[in-house]
Every structure is written in C-alpha cells, then in structure tokens.
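Asks: Got a structure here, written out as structure tokens. Questions coming.
Bear in mind these aren't lab numbers, they're just calculated from the coordinates by the rules spelled out. Predicted model, so just to flag it, every value in this text is computed and none were measured. When we count neighbours, we look across all protein chains shown, and the Cβ atoms used for this are built from the backbone with ideal geometry, even at glycine.
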Amino acid sequence: MRTFKIVVLLALVVMLLSACAAPTPTPAPKPTEAPKPTTAPAQPTAAPKPTDAPKPTEAPKPTVAPTKAAEPTKAPEPTKAAAPTSAPAAGGTLKIAILAPLSGPVPTFGVMTRDGALLAIEEWNAKGGVNGMKIQAVVEDSQCTPDPAVNAANKVIDQDKVKFIIGEVCSKASIPVSEIANAKKIIQISPTSTNTDVTVGKDGKAKDYIFRACFIDPFQGQVGAKFATENLKAKTAFIMLDQANDYVKGLAEEFEKAFVKSGGKVVGKENYTAKDTDFSAILAKVAAAKPDVIYLPDYYNIVNLAAKQAKEKGITAPFLGGDGWDSSDLDLKAADGGFFTNHYSPDSTAPEAVAFLKNFGAKYKDAKGNAAVPDALAALAYDATNLMLTAIKDAGSDDTTKVKPALEKISFQGVSGKITFDALHNPVKSATILQVKGGKVSFAAQVAP
Ligand code: PHE
C-alpha cells in the first residue's frame, strides 16, 4: 500500500514538471519598519498600473469579473505526503507544505492559495528543482481555524518531516501555527496573514523562523482610513467587527485609530460573531447613525450576508473592507458600491503579474472551462513559494538556520510587488484599493507605504 502510494506520488511529481520560469531576485536595500501610507494614488514597483494618476473613486480599467476557482470546495488530493524521510539529500526531494483552508468558511481562499503555490513549484521543477532536489508539495486542509491548522502543522512537521511551510491564510490560524513552527525551527511564510502577531512574539521581537509575503494590518487599516477620508470624503464611520477573529479585530482597531487621527468620527461600533447570519439589529443601529461609510473588515462570507441585508434595509452608505473580501464568491450585487484594500489586482500590467495571469489561466480553468483568474491569495501564495525556494537556493542548503538569514536579506520581485523584509519579517509593499461596481471588481487606487 505504502509502495503504491509512493509510486503514485512519484508519478504526480513527474506530472508537475512543465515549462515555466521562476523569477530571480535582484539585490536591493533593506526597507524600513512600520510602513505609513503616503499620499493616495501612487505608482508602486510591481502593482496595478493605472494609466497616469488614477482617479481613486472611478474605475480606470474594467476588470475581468472574478471567476470561480477550479475545484472550489473539494479537499485536495495532489501530492500528498510521502513516507517520512530524513532531510533530503542532493538529488533527493525537498518537501514544502501548503496549509490552506480548502474547507470551512472560506474555501475559495484555500483553492487559490494551493493553486498559486503549486504553480510556483511546478515552474521550479520544470527548471530542475532547487539545489538539485525535486520539490514535492504536501497539501493540507487547515480550514482557517486554529485547531485544524495546528493539527495540520504538527502532521507535516512530525510525520512528513517537512521543514518549510507556506500558510496559513487566516491570521487566527497562522498565529498558533507560527508558535509551533518557530519552536521547531521550521520556516513558515504566510502568504496572506496580515495580523502583526503572526511574525512578532510577545517580546515584541520577530519570531526567528516566521515570515510573510503580505503587508500588515497597521498599514492596511491606515490605507482604508485614508481612502475613506480623502477619496470618499467620509467624516463619520460605523465599524462592524468580530472580536474573536484576530484579523478582523486588528484591522478594525487600526482603521479606527487612523480614521480618528485624520479627523473622522466613529459613530458606532458593534460586534457580531462568526456564527451570526442575521445582522438586522446592528444594521438598525447603522441606519439610525447614518454614517458616511461602514467599515466591515471581515471575510467574504460575512460581507455577503451583512451587505445584502443592509441593501434590503435601504442603507446606501458604502461598505469598506480589507483583503478578506477578495473572493470569486464575493456577492457582487450585495457588495455593489463597496471598496476594499488588497494586495493585487489581475489588472496589473507589471511584467511579473502579466506572466502570472497567463500561466495561471493556462494551468487552471474555472467552472465554465475558461482560464481561471487568480486573486490576491493565488498571487501571494505564488510569491511566498518563490520567496521560500529562492532563499533555499541562495542559502545553497535546506538547513533552516541557513535559509532564515537568506530570507532576511532577500530582495525579490514578485507578482504582488517587490519584497524585502524589515526587522520584524514583514514586507514593505503598496496596497491596492478595489471597487465593487456593476457586477465587477475593478482597480480604484494605489497607496504606497
Ligand atoms: N489577511 C487575512 C487574514 O489575515 C487573510 C486574507 C488575505 C484573506 C488576502 C483574503 C485575501 O486573516
């Protein structure tokens, strides 16, 4: 049985080989810490490039409406863990775990993350792997939830002997995984977890072996607040939040701080839980408070419910949110008129992004058989995997004590922008603001750190 599994695995690995190039890094300076957004629409290195100075509230370029990801909710079967082996020797196999929420509340996050990471691995293998080793993915469904994520992390580390983890997506799952990974000297790069606690310990210092490929919520919250005050001309905001979700809570706090600092007033702040499906009590308070904007920094599943009910109540103030809105399952009708901060737009004209869009669409198809359109999760999982493999190559070793310093000094041109790490293992990158309008998600503005 085991032999059979290994044979199947080998066959899968071989199948993963196909033509494509992995990006090579160029040296560049170290960035600073705690990014602060500068003036609104600016031109970043490798992010959506609207022609000239973009007019924030109008969509310069229509996007392709997000399409469904291939195999949306099914648990993955690709390249599952092989028999435990010791550290792969030259000419052997290098395993990379992908912890992705393939089931649970936000399955599009998992599918896109897995597919972005697998594309990067396929491209590296097509070029001969890394340091003479073939790369093997170990995909686990971590469900955007602490316990399943911790179990998945323990499984890949203890059973599969994986030393490199891409994941989790959700901050509340990445934080407990980071404690385990760091203690065991396993390198973890979360592609998308934006809460500060993912890479930073209680002592305020960076966790040695933990990195991320995305910007952090203090920046994302500031960008949202800046957009609300400067572009939407909002003077008042109503904040809706789930206190039990590290990401939502953190982002809501950062937005509030920045919004108040820029002269805005928070006219209401109400909590709900992840299990809630009826938001009418909170929305009645929103209707009474008449805010200029409603800040709802949660994942798409919650946004779909709350925004729909708000429309039914006749509430016309725009919803504003964060990267958690990015999904092919975002209800574009319910969220119409809304905006969200994000890491990437498929509209990007940066060469890395154009190549990625093409290669992703060639490999994956949507439900209708058309080229799948990657979202920020796919782009960041692709970048995180390329970052990991580039650092392993730079270190000339899969010894994590050598890969850690290689990552710390990396300068990497990714699909989501240029990545260099600050002292807290956070990239300093631009944010994109996307608008939901007329059944489409389109580019609205770019904000540099
Ligand atoms: N930033 C979110 C979190 O930390 C995850 C996320 C990123 C979701 C990007 C969607 C897109 O939980």
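Asks: Can you tell me which of 355-363, 237-245 comes out highest on packing, and rank the rest after it, using the mean Cβ neighbours within 10 Å?
Replies: Taking the mean over residues of other Cβ atoms within 10 Å, the ranking is 237-245, 355-363.
Asks: Turning to a different aspect of this structure: Within 10 Å, count the other beta carbons around each residue, average over each peptide in 182-190, 385-393, 257-265, and list them highest first.
Replies: 385-393, 182-190, 257-265
Asks: Listed highest first by mean packing, meaning other Cβ atoms within 10 Å per residue, what order do 110-120, 143-153, 124-134 come in?
Replies: Highest to lowest by the protection proxy: 110-120, 143-153, 124-134.
Asks: Based on other C-beta atoms within 10 Å, arrange Ser411, Ser280 from fewest to most.
Replies: Ser280, Ser411
Asks: Here's a follow-up. At a 10 Å Cβ-Cβ cut-off, how would you order Val403, Val428, Val139, fewest neighbours first?
Replies: Starting with the residue having the fewest Cβ neighbours, the order is Val428, Val403, Val139.
Asks: If a/c stays under 1.5 just call it rounded; otherwise compare a/b with b/c (prolate if a/b is bigger, oblate if not). Do that for region 218-342, with a ≥ b ≥ c from the square roots of the Cα gyration tensor eigenvalues.
Replies: Judged from the Cα gyration tensor, region 218-342 comes out rounded (a/c under 1.5).
Asks: Among Lys265/Lys333; Lys95/Lys127; Lys257/Lys429; Lys127/Lys363, which pairs are too far apart, with a Cα-Cα distance over 19 Å?
Replies: Where the Cα-Cα span goes over 19 Å, the pairs concerned are Lys265/Lys333; Lys257/Lys429.
Asks: Can you put His343, His425 in order of Cβ neighbours within 10 angstrom, beginning with the fewest?
Replies: His425, His343
Asks: Continuing with this model, one more query. For region 271-327, run through the trypsin sites (Lys or Arg not before Pro) and keep only the ones in DSSP coil with at most 14 other Cβ atoms within 10 Å of their Cβ.
Replies: Answer in residue order: Lys275, Lys313.
Asks: Run the simple label-point estimate for Ala126 and Thr349 please: 7 Å along Cα→C-beta, distance reported in nm.
Replies: For Ala126 paired with Thr349, the spin-label model returns 2.6 nm.
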